[in-house]
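Comments concern the structure below.
The values are calculated or read from the model by the stated rules, or taken from the named source; none is laboratory data. The model shown is predicted, which means the values in this text are computed figures rather than measured ones. Please note: Cβ atoms are built from the backbone with ideal geometry, for glycine as well, and neighbour counts cover all protein chains shown. Each accessible area value is taken on the protein alone, full model and side chains, heavy atoms only, with ligands, DNA and RNA left out. Shrake-Rupley method; radii C 1.70, N 1.55, O 1.52, S 1.80 Å.
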Amino acid sequence: MCGIVGYVGWRDATDVLIDGLSKLEYRGYDSSGIAVFENEVIKVAKSKGRLTDLQNKMNQEGKPIGHAGIGHTRWATHGEPSDRNSHPHGGGNVTLVHNGIIENYKRLKEFLLSKGRVFESDTDTEVVAQLLDYYYQENHGNPMDAIIRTMQELEGSYALGIVFADFPDKVYALRKESPLIVGIGENESFIASDMTAILQYTKNYYLLEHDEIAVLSKKQVKVYDLHYQKIQKELKIADWDVSAAEKCGYEHYMLKEIHEQPTAVKTTITPRITDGLPNLEECGITPEKLMEFHKIHIVACGTAMHAGTVGKYVIEKLARIPVNVDIASEFRYREPLVSQNDLVIIISQSGETADSLAALRLAKKLGAKTLAIVNAKGSSIAREADMLIYTHAGPEIAVASTKAYMVQIAVMYLFAFELALANHAIDEQECRRLTALLQETPEKIAEILEHKEMTQLIASELITADSLLYIGRGLDYALSMEGSLKLKEISYIHSESYAAGELKHGTISLITENMPVIAIATQQKLFDKTISNIKEVKARGAKVILVCREDYTPEQDIADYKFGLPDYDDLLMPMLAVVPLQLIAYYTAVHKGTDVDKPRNLAKSVTVE
Ligand code: M6R
């Protein structure tokens with residue numbers, strides 16, 4: 001979703017803003033813009049389209065030159081993507097950029113129209129700029145008073161970067177719900193929606209909390225609450241390396257992130273294993289606590305929800321506790337049956353997904369204990385849950401999630417092992433065996449990555465397809481959901497995932513020679529049954545791509561292509577089998593020439609519902 005960058009210091013502000021915005025491109029956007037003080041006058045440049053469109057425009061019309069300013073990438077909500085609706089927006093003395101949604105903007109707009117204000121865009125953001133300027137005039141040019149007064153009126157979620165024409169050496173920033181950080185450098189300071197935007201300038205930052213206002217100048221940053229009281233902020237240091245947010249020779253971030261999976265798994269699980277057994281104590285999870293839960297709800301969106309579905313199969317199989325998996329946007333509005341003895345697990349890469357955050361808050365309100373499995377440090381979900389397991393995937397830049405999914409399921413396994421042991425559903429020996437197997441998965445994943453040519457060949461077969469089916473049983477079905485989503489989101493080819501045994505209850509009527517089927521058959525107990533289902537689609541003309549163990553040689557009436565996986569325990573096969581599915585989606589998108597890392601209409605962090 002929208003990205004914000006702000007700068008005040010000694011560097012060329014336009015360069016810093018454009019560079020920062022380019023690091024936020026992954027969040028998804030359809031227009032961009034900057035406002036920079038040039039000779040103490042605010043100069044605005046904005047354009048629909050990609051950052052390159054903005055740069056081309058500035059090359060033609062002149063680039064603002066100065067040392068303070070704000071920048072924005074916009075993902076349209078109120079008003080179509082256009083130059084006119086792009087941020088920054090202004091009102092008199094005020095120019096600002098905004099991430100989030102102002103829910104009561106209509107009422108505020110009517111008020112401002114009644115005061116003779118004229119609007120130039122369809123956005124909720126311009127309403128904030130005009131309102132802020134209205135109070136600024138009313139408060140005789142006092143920015144802080146005007147900001148506090150405006151915040152009292154706004155409903156919704158927002159992070160704002162603001163400049164006042166009368167204060168050319170300052171940038172103001174504030175947040176409610178939508179994330180914003182303040183970077184601290186040598187004689188310079190920054191604001192950004194996330195750390196990747198400023199990582200190359202500084203690793204020192206403040207995490208702005210709800211209803212906090214930061215005033216940035218070259219020499220210092222001051223943070224206030226809504227009563228204008230100064231707040232002492234804790235300086236945090238990002239532990240990410242600059243290269244974490246670079247492509248490092250890979251053609252796309254997605255490919256780089258797929259290759260980072262072995263390391264990401266190792267970094268995530270190693271600190272949580274002691275003497276061969278899972279140990280989640282540092283995350284606030286003890287065997288005693290685990291024994292209290294009668295039921296588990298896993299709530300998340302998209303890929304994170306698919307990771308939760310793998311978690312359900314594993315937890316129920318090993319720990320024998322009922323698990324519901326819910327889509328967060330459904331959970332939050334369907335009056336879910338959650339009790340005080342239940343555990344609600346929220347899984348989120350960004351930790352800022354609006355629906356998942358709302359689901360977490362609802363679960364807490366209903367008295368359940370909550371556990372967050374989150375990748376982004378210090379994010380809202382991470383901070384609000386009772387217990388927290390960070391996944392250590394590092395920044396995930398590609399919109400299509402790969403390494404985050406991998407570590408989410410790795411954590412699901414660790415959690416399931418510990419829970420099963422705590423409940424005496426498995427003994428210590430079995431828990432050790434499973435934990436050791438999990439520890440070996442990074443090597444197995446690396447092995448698969450070394451033999452990925454077949455996925456390129458398969459992808460070249462898929463590019464002409466209009467629609468595809470992914471099928472599997474048990475854990476393979478859970479995995480097929482993720483395979484299908486990956487293909488859809490980046491290649492724009494329609495696909496569905498289906499439980500293989502359910503096909504003949506309707507969906508098999510879709511099968512023709514034009515509907516390729518990707519069949520996943522890694523579960524030995526279900527293998528023969530899955531093969532029978534594959535024969536059913538093959539007999540109806542479908543081209544079949546089979547993902548199974550290497551040592552199985554399919555006959556011609558079963559599969560056209562096979563991707564072979566190393567032999568491993570059934571339970572852990574999803575960690576291996578997901579890799580070819582990610583690669584098939586990736587290469588199909590590459591063959592089709594789509595924008596792999598920034599697929600159309602999508603945003604990395606969905607901070608609006
Ligand atoms: O940041 P989150 O994990 O909460 O995001 C949830 C989904 O929006 C996300 O997984 C989405 O489905 C991915 N783009 C899929 O690749």
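Computed over neighbours whose Cβ is under 13 Å from that of PRO278, the net charge equals -3, Lys and Arg +1, Asp and Glu -1. Using only side-chain charges placed at the Cβ, +1 for Lys and Arg and -1 for Asp and Glu, the dipole size of the chain relative to its Cα centre rounds to 660 debye. Where a Cα-Cα gap under 16 Å defines reach, which aspartates and glutamates qualify for LYS535, not counting those fewer than 8 residues away within the same chain? By straight Cα distance, LYS535 reaches GLU502, GLU513, GLU555, ASP557, ASP560. For the chain, carbon and sulfur atoms together expose 47% of the accessible surface, with a 1.4 angstrom probe and every protein chain in place.
In this view, the solvent-accessible surface of PHE293, computed with a 1.4 Å probe and all protein chains in place, comes to about 10 Å². Surface exposure of the chain, expressed per residue as accessible area with a 1.4 Å probe, stands at 38 Å².
Rounded to the nearest 10 square angstrom, ASP386 shows an accessible area of 80 square angstrom against a 1.4 Å probe. Separation of segment 430-467 and segment 595-609, taken as the distance between their Cα centroids, equals 25 angstrom. The GluC sites (Glu not before Pro) of segment 416-518 that meet both conditions, a loop assignment by DSSP and at most 13 other Cβ atoms within 10 Å of the site Cβ, are GLU513.
Here GLU316 and HIS140 are evaluated by their C-beta separation; at R0 = 45 Å the FRET efficiency comes out at 0.10. Electrostatic tally near GLN232: other residues with Cβ closer than 13 Å to its Cβ, Lys and Arg +1, Asp and Glu -1, net -1. Loop-located chymotrypsin sites (Phe, Trp or Tyr not before Pro) in segment 329-400 (DSSP state not H, G, I, E or B) with no more than 14 neighbouring Cβ atoms inside 10 Å: TYR333.
Taking label positions 7 Å along the Cα-Cβ direction at both TRP10 and ALA165, the computed distance is 3.1 nm, reported to one decimal. Taking the Cα centre of segment 471-609 as origin and assigning +1 to Lys and Arg Cβ atoms and -1 to Asp and Glu Cβ atoms, the resulting dipole is close to 360 debye.
The largest accessible area among LEU438, LEU337 belongs to the first residue in LEU337, LEU438, and the rest follow in falling order (1.4 Å probe, all chains). Comparing LEU160, ALA589, ALA264 along the charge dipole axis of the chain, the residue lying farthest to the positive side is LEU160, per the Cβ-charge model. Only Cα pairs under 8 Å and 6+ residues apart enter the sum, and on that basis the relative contact order of segment 253-444 stands at 31 percent.
Here the calculated FRET efficiency for GLU450 and ASP53, from their Cβ-Cβ distance with R0 = 51 Å, stands at 0.80, rounded to the nearest 0.05. Phi angles of segment 510-519 translate, via the Karplus equation with coefficients 6.51, -1.76, 1.60 and θ = phi - 60°, into HN-Hα couplings of 7, 5, 9, 5, 9, 10, x, 10, 9, 10 Hz per residue; Gly and Pro are given as x.
Here the label points at TYR333 and LYS230, each 7 Å from Cα along the C-beta direction, are separated by 4.6 nm in the simple model. In this structure, ASP83 and ASP595 have a Cβ-Cβ separation that, at R0 = 22 Å, corresponds to a calculated FRET efficiency of about 0.55.
Extension gain for ASP560-ASN187 works out to 128.0 nm (0.36 nm per residue, less the C-alpha to C-alpha distance).
Distant-in-sequence amide contacts of LEU546, defined by a placed amide H-H separation under 5 Å and a gap of 5 or more residues or a different chain, comprise ALA519, ASP560, TYR561, LYS562, PHE563. Using C-alpha pairs below 8 Å separated by at least 6 residues, the relative contact order for the chain is 12 percent. Annotation note: trypsin sites (Lys or Arg not before Pro) in segment 518-590 located in DSSP loop regions with a Cβ neighbour count of at most 16 within 10 Å are ARG540. Segment 1-68 and segment 410-424 have Cα centres spaced 48 Å apart.
A 1.4 Å probe over all protein chains sorts ASP194, ASP145 by accessible area into ASP145, ASP194, starting with the largest. Where in the chain are the helices, taken as whole DSSP H runs, whose Cα atoms extend 18 angstrom or more along the long axis and whose Kyte-Doolittle mean reaches at least -1.0? In the chain, the long hydrophobic H runs are 124-138, 302-319, 403-422, 428-450, 475-491, 573-592.
With the simple model of a label 7 Å out from the Cα in the direction of the Cβ, LYS535 to GLU292 spans 5.3 nm. The Cα center of segment 283-308 and the Cα center of segment 321-360 differ in position by 10 Å.
Dividing the helix sum by the residues of the chain, where each DSSP H run of 4 or more adds -39500 (n - 2.57), gives a mean residue ellipticity at 222 nm of -11500 deg cm²/dmol.
Summing +1 for each Lys or Arg and -1 for each Asp or Glu, what net charge is found among the other residues whose Cβ lies under 12 Å from the Cβ of ARG27? For residues surrounding ARG27, the net value is -2. When the C-alpha to C-alpha distance is required to be over 19 Å, the pairs from LYS369/LYS604; LYS46/LYS222; LYS247/LYS598 that qualify are LYS369/LYS604; LYS46/LYS222. For TRP75, the accessible area of its heavy atoms, probed at 1.4 Å with every protein chain present, is near 60 square angstrom. Overall form of the chain: prolate. Here a/c, set by the Cα gyration tensor axes a ≥ b ≥ c, is 1.5 or more, and a/b is the larger of a/b and b/c.
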